[in-house]
Amino acid sequence: TRTPVNVTVTGAAGQIGYALLFRIASGHLLGPDVPVKLRLLEITPALKAAEGTAMELDDCAFPLLKGIDISDDPNVAFDGANVGLLVGARPRTAGMERGDLLEANGGIFGPQGKAINDHAADDIRVLVVGNPANTNALIAQSSAPDVPADRFTAMTRLDHNRAISQLSKKTGVPVSEIRRLTIWGNHSATQYPDIFHAEVAGKNAAETVNDEKWLAEEFIPTVAKRGAAIIAARGASSAASAANAAIDHVFTWTNGTAEGDWTSAGVVSDGSYGVPEGLISSFPVTAKDGRFEIVQGLDVNEFSRARIDASVAELEEEREAVRGLGLI
Ligand code: NAI
């Protein structure tokens, strides 16, 4: 029998946590043969709610679920962790400046990064979902100097999946026949969903669509502002789709991308495509043997260049701001 994989989920009592934990426990995160132990990290006032979720997890009698621990101490929750899903974050509240937001999140992701550094298993893989996800991932990564930097990633898979769905609606081609779509840059309104290298039913997506006005005025803003549209419609932010994207991200990371295809993830830049080294920015990535690799050698046209540069400039500003606050 296999040793269970320890999966630590922060913000476990939140709405994404509620949509995520049951799918992890039923085998969707790592595969149908992999037993898991869940470690739930919450702030003290939310421990009771986390216990309620744990009771429901028990009540599912999931064959793969080998245990649930709950803690408000990152040093305990990340002890022996193989996978860390960093979902809990400090949301922006009315009147909060960006500096305050980054500082509040630094107070969360700094200590969690350090706890990962000191206590996680050697093969730890981290996905940051909590916003601002790219910069929170950067803070956690810089607080974990003993962990290889490429083990820290930020989630843009929800944006990727949203873009595939929009492209499918526009072209009438099923999502399963859309490949090689890319989200570049920051998981924010400046992100750039790129269809110039994408394929729909084996043909180039941009040529098939052949409508730059739709691209600039509909597709890109619809994908980039989808989160706000969900809030407006649902009265609450995306939760099940965000949890689904987190599952997809980790499943792809550990099980690989299909031959000839790629996905999108926020990974540490090696300077590819002019993205400054060390920034955690979204790229087209393949996954193999448990590692993401940035797809190399793509032509970037003028339309794309301007949009990638704008999103990367925002990431640089965020990095400067957290540097100025002494968070990295
Ligand atoms: P939520 O507010 O329902 O839950 C957040 C949970 O985190 C709460 O239970 C809270 O007690 C907990 N928490 C706060 N500080 C913590 C800490 N220091 N340690 C452990 N737990 C802590 O929020 P929801 O809807 O679950 O969203 C979570 C985050 O995910 C938000 O930052 C949201 O903006 C982000 N998000 C990111 C997406 C992406 O594509 N990257 C998509 C959707 C949401």
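Values in this text are rule-based calculations from the coordinates and carry no lab data. Remember, predicted model here, so these are calculated numbers, not experimental data. Positions of Cβ are backbone-derived with ideal geometry, glycine not excepted, and every protein chain shown enters the neighbour counts.
Separation of the range 4-64 and the range 210-253 by C-alpha centroid, Å?
So the two Cα centres are separated by 24 Å.
Report the residue, chosen from 121, 233, 224, that carries the largest GNM mean-square fluctuation when the chain is represented by alpha-carbon nodes joined by springs under 10 Å.
Checking each option, the largest mean-square fluctuation is seen for 233.
Taking R0 as 25 Å, what's the FRET efficiency between residue 56 and residue 123 from their Cβ-Cβ distance, rounded to 0.05? Intermediate results must be reported in sequence, preceding the final value.
On the way: r = 29 Å, r/R0 = 1.17.
It comes out at approximately 0.30.
At 0.692 mPa s and 37 °C, plugging the Kirkwood radius over alpha-carbon pairs of the range 51-183 into Stokes-Einstein gives what diffusion coefficient in µm²/s? Walk me through the numbers before you get to the answer.
Values: Rh = 17.0 Å.
Answer, rounded: 193 µm²/s.
Given the Cα-Cα distance of residue 210 and residue 23 and 0.36 nm per residue of separation, how much length would full extension add, in nm? Intermediate results must be reported in sequence, preceding the final value.
Values: separation 187, 0.36 × 187 = 67.32 nm, distance 3.86 nm.
Full extension from residue 210 to residue 23 adds 63.5 nm.
Pairing the Cα long axis of helix 15-25 with the longest principal axis of the chain, what angle in degrees results, from 0 to 90 and rounded to the nearest 10?
80 degrees
What is the antiparallel percent of DSSP beta bridges lying wholly in the chain, to the nearest 5?
Numbers: 19 of 41 bridges.
The antiparallel fraction comes to roughly 45 percent.
Work from the charge dipole of the range 157-318 (Cβ charges, +1 for Lys and Arg, -1 for Asp and Glu, about the Cα centre) and give the residue of 237, 191, 303 farthest towards its positive end.
Checking the options against the dipole of the range 157-318, the answer is 237.
Taking neighbour counts of Cβ atoms within 10 Å as a proxy for exposure, in what order, fewest first, do 314, 217 appear? Working shown, then result.
Details: 314 20, 217 11.
Placing the least packed residue first, the sequence is 217, 314.
Treating only the Cβ atoms of Lys and Arg (+1) and Asp and Glu (-1) as charged, compute the dipole magnitude of the chain about its Cα centre; round to the nearest 20 debye. It would help to have the intermediate numbers written out before the result.
Values: 29 positive and 42 negative charges, 134 e Å.
With only Lys, Arg, Asp and Glu charged at Cβ, the dipole is about 640 debye.
Treating the beta-carbon of each Lys and Arg as +1 and of each Asp and Glu as -1, no other charges, what is the dipole magnitude of the range 1-124 about its Cα centre, to the nearest 20 debye?
Details: 10 positive and 16 negative charges, 52 e Å.
Using only the charged Cβ atoms, the result is roughly 240 debye.
Rank these for me by crowding, 281, 304, 272, going from fewest to most other beta carbons within 10 Å.
Values: 281 31, 304 20, 272 16.
Ascending Cβ contact count within 10 Å gives the list 272, 304, 281.
Output the peptides 21-28, 170-177, 128-135, 157-164 sorted from most to least packed, where packing is the average of other Cβ atoms within 10 Å over each peptide's residues.
Numbers: 21-28: 19.5, 170-177: 13.2, 128-135: 27.0, 157-164: 24.6.
Top to bottom by mean Cβ count within 10 Å: 128-135, 157-164, 21-28, 170-177.
When the Kirkwood hydrodynamic radius is evaluated over all pairs of different C-alpha atoms of the range 89-150, what value in angstrom, to one decimal, is obtained? Don't skip to the end; give the middle numbers.
Numbers: mean 1/r = 0.0837 Å⁻¹.
Result for the range 89-150 stands at 11.9 Å.
Could you put 291, 125 in order, starting from the residue whose Cβ has the fewest other Cβ atoms within 10 Å? Each step should come with its number before you reach the end.
Working: 291 16, 125 23.
Sorted ascending by nearby Cβ count, the order is 291, 125.
How large are Rg and Dmax for the chain when calculated on the C-alpha trace, in angstrom?
For the chain, the Cα-based Rg and Dmax read 19.1, 56 Å.
Which whole-number percent is the relative contact order of the chain (Cα, under 8 Å, 6+ apart)?
Value for the chain: 17 percent.
Compute the separation of the alpha-carbon centres of the range 283-306 and the range 152-202 and state it in Å as a whole number.
Taking the Cα centre of the range 152-202 as reference, the centre of the range 283-306 is 13 Å away.
For helix 47-59, report the angle its Cα long axis makes with the longest principal axis of the Cα atoms of the chain; keep it between 0 and 90° and round to the nearest 10°.
90 degrees
Report, in degrees rounded to the nearest 10, the 0 to 90 angle that the Cα long axis of helix 157-171 makes with the longest principal axis of the chain.
The helix 157-171 is inclined about 40 degrees to the chain.
Which whole-number percent gives the relative contact order of the range 55-118, counting Cα pairs below 8 Å spaced six or more residues apart?
Dividing the mean separation by the residue count of the range 55-118 yields 39 percent.
Compute the Cα gyration tensor for the range 157-318, then decide on rounded, prolate or oblate, letting a ≥ b ≥ c be the square roots of its eigenvalues: rounded whenever a/c is under 1.5, prolate when a/b is larger than b/c in the other cases, and oblate in all that remain.
rounded
If you take every residue apart from residue 142 with its C-beta less than 14 Å away from the C-beta of residue 142, what net charge results, scoring Lys and Arg +1 and Asp and Glu -1?
Values: positive: 114, 151, 319, 323; negative: 146, 150, 277, 318, 320.
Net charge in that neighbourhood comes out at -1.
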